[in-house]
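J.: Attaching a single structure in structure tokens format; questions to follow.
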Amino acid sequence: MEYVFTLKYQLPAPDGEQVSLAQRLASAGCADARVSAGLRGRLMLKFSREATQADAALMSALEQVRRAVPGARLIEAGPDLVGLTDVAGVVGVSRQNMRKLMLTHPSTFPAPMHEGNSSSVWHLVDVLGWMKARGSYRIEASVLEVAAVTKSINLMREGRHLEAGRREELQRLMA
């Protein structure tokens with residue numbers, strides 16, 4: 001199955017190697033990634049990777065980037081954190097339809113990760129899972145699978161910043 005996902009990195013200080021970043025990534029096995037370097041010191045890789053499962057696709061990509069760009073720090077794996085417009089695009093409905101679903105099902109629609117005055121952000125897998133359970137939306141299995149894996153990767157990346165004692169205390173309070 002083909003899995004489409006992005007990996008965003010903060011690059012280490014220039015290492016002085018003559019081989020370009022794109023060549024190093026391709027040599028490491030990332031020939032299936034489109035390389036974008038927008039902000040200075042940042043790297044975004046958009047993969048379209050064949051694999052038997054999404055976790056295999058993402059884990060192999062993470063390992064290959066680690067080999068090609070030692071010291072690069074993962075910023076985000078996507079698709080994961082999204083707004084209603086993003087979800088609407090994935091599902092093929094209007095943003096207004098998504099907003100209506102959210103407003104008419106306040107007790108069952110997934111809670112956002114961040115709720116602000118102008119916009120809210122959800123984990124894509126949570127909203128897609130909710131929509132799939134309703135039975136009236138066609139959700140591609142590969143998209144749902146990738147969204148679940150990218151959520152796990154991002155939560156792990158963030159969670160490693162917690163002190164062990166704080167983690168245990170928060171687990172107890174949130175149970």
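J.: How about K151: which lysines have a C-alpha closer than 21 Å to its C-alpha, ignoring those fewer than 8 places off in the same chain?
T.: Within the straight-line limit of under 21 Å, K151 reaches these lysines: K8, K46, K132.
J.: Would you mind calculating the gained length between H161 and V35 on full extension (0.36 nm times residue separation, minus the Cα-Cα distance), in nm to one decimal?
T.: Values: separation 126, 0.36 × 126 = 45.36 nm, distance 2.79 nm.
My answer for the length gained is 42.6 nm.
J.: Here's another thing I want to ask about it. What's the angle, to the nearest 10 degrees (0 to 90), between helix 54-68's Cα axis and the longest principal axis of the chain?
T.: Value to nearest ten degrees: 30.
J.: Roughly speaking, what is the centre-to-centre gap between region 20-56 and region 93-154 when only Cα atoms are used, to the nearest Å?
T.: Taking the Cα centre of region 93-154 as reference, the centre of region 20-56 is 26 Å away.
J.: Would you compute, from DSSP H runs of 4+ residues alone, the mean residue ellipticity of the chain at 222 nm, taking -39500 (n - 2.57) per run and dividing by the full residue count, rounded to the nearest 500? Walk me through the intermediate numbers first.
T.: Values: 7 runs with 81 residues, N = 175.
Taken over the chain, the calculation gives -14000 deg cm²/dmol.
J.: Take the chain, connect every pair of alpha-carbon atoms lying under 10 Å apart with a spring to form a Gaussian network, then pick out the residue of A13, A68, A22 with the largest mean-square fluctuation.
T.: Most flexible of the set in this elastic network: A13.
J.: May I ask for the percentage of alpha-carbon pairs in region 42-124 that lie more than 14 Å from each other? Numbers along the way, then the final one.
T.: On the way: 2455 of 3403 pairs.
Summing the P(r) tail past 14 Å for region 42-124 gives 72 percent.
J.: GNM, the chain, Cα, under 10 Å: largest mean-square fluctuation among A72, A61, A141?
T.: A141
J.: Starting from a Cα-only point model with no solvent, please compute log10 I(q)/I(0) by Debye for the chain at q = 0.13, 0.18 1/Å.
T.: Each listed q maps to, in turn, -0.76, -1.20.
J.: Measuring from label point to label point, each 7 Å out along Cα→Cβ, what is the R42 to S94 span in nm?
T.: 3.2
J.: Next question, about the same structure. Give me D for region 81-146 in µm² s⁻¹, whole number, from Stokes-Einstein with Rh from the Kirkwood sum over alpha-carbon pairs, 25 °C and 0.890 mPa s.
T.: Reported coefficient: 206 µm²/s.
Values in this text are rule-based calculations from the coordinates and carry no lab data. What you see is a predicted model, and the numbers here were worked out from it, not measured in a lab. Because the Cβ atoms are built from the backbone with ideal geometry, glycine has one as well, and the counts that use them run over all protein chains shown.
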